[in-house]
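The values are calculated or read from the model by the stated rules, or taken from the named source; none is laboratory data. From a predicted model like this one, the values you see are computed outputs, not experimental measurements. Positions of Cβ are backbone-derived with ideal geometry, glycine not excepted, and every protein chain shown enters the neighbour counts.
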Amino acid sequence: MRDDDRLLTSWARVIDAIFRGERPRQSMVLLGPTPPLLQQLGLRPVDLAMAAGKIAQCRRDHPEVPLSVWHDLPRLVGKPIAVVPSAKRDHSLVVVLVVSDAQGDPVVVPIVPGLHGSPNTVLSMYGKQAGHNWIRKQIEQAARDALPHFISKGFAATLPQPGSARAIPSSPGPIPADGTAKPPRQILRPREKSIGEPDEPR
């Protein structure tokens with residue numbers, strides 16, 4: 001079994017136990033190393049983790065997120081449809097996964113950077129209501145502010161491309177997930193006229 005498969009299996013086992021009401025030994029549950037894409041956008045090259053208490057709370061507060069998305073989160077977070085800076089402008093990122101929730105809204109994952117060697121931390125995971133328009137607005141604002149962000153190729157063609165944007169273009173295709181996971185074309189419908197690809201990072 002490959003290391004990434006072992007990690008997924010371990011992650012799924014721990015979160016299933018948490019969802020059953022069991023208390024894990026560790027307070028932070030490891031998702032694995034922070035994906036290279038998120039490091040390029042400003043997160044530290046340390047592990048990515050989520051507090052056990054936050055996992056339980058998110059499952060209670062956001063039942064719209066399918067269990068299959070929870071199980072595949074370590075893989076999905078590394079190949080998102082978009083990544084934008086948090087509106088707080090505190091170096092946190094909001095990762096937009098390539099899957100949708102039970103209502104068809106895009107699933108988003110806020111992540112705060114680790115400090116002094118601590119892991120980068122997933123704060124939550126939930127379906128963003130009216131998320132399609134929200135994604136567009138956040139990307140456009142990040143471009144205006146000249147902040148690093150990411151747009152997948154399928155979504156990039158639907159957005160204006162100002163010269164100040166420092167977007168990282170996507171290369172791999174979407175990752176399939178079982179359950180209610182959908183490819184980007186079902187989540188985000190492109191406009192009839194393509195506008196072009198994002199600028200290369202500076």
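Output the number of the condition that Ser68 fails; it satisfies all remaining conditions of (1) over 23 Å from Asp3 (Cα atoms); (2) among the polar types (S, T, N, Q); (3) under 17 Å from the mean Cα position of the chain (by Cα). It fails just one condition, (1). Suppose we filter Val108, Val94, Val84, Val98 for residues that are crowded, with 18+ Cβ neighbours inside 10 Å, part of a strand (DSSP E or B) and modelled with pLDDT under 95; which single one remains? Checking each option against the conditions leaves just Val98.
Can you go through Val122, Val77, Val96, Val84 and tell me which one is free of Cβ contacts under 8 Å to residues at least 40 places away in the same chain, within 17 Å of Leu37 (Cβ to Cβ) and in contact with a strand residue (DSSP E or B) (Cβ under 6 Å, 6 or more places away or on another chain)? Write out each step before concluding.
Details: Val122 fails: free of Cβ contacts under 8 Å to residues at least 40 places away in the same chain; Val77 fails: free of Cβ contacts under 8 Å to residues at least 40 places away in the same chain; Val84 fails: free of Cβ contacts under 8 Å to residues at least 40 places away in the same chain.
One residue alone meets the criteria, Val96.
For the stretch 140-156, the tally of residues that are surrounded by 16 or more Cβ atoms within 10 Å (Cβ to Cβ), farther than 16 Å from Ser92 by Cβ, at pLDDT 90 or above and not charged (D, E, K, R) stands at 3. Residues in the stretch 51-81 that are buried (at least 22 other Cβ atoms within 10 Å of the Cβ), part of a loop (DSSP other than H, G, I, E, B) and not β-branched (Val, Ile, Thr): Asp72, Pro80.
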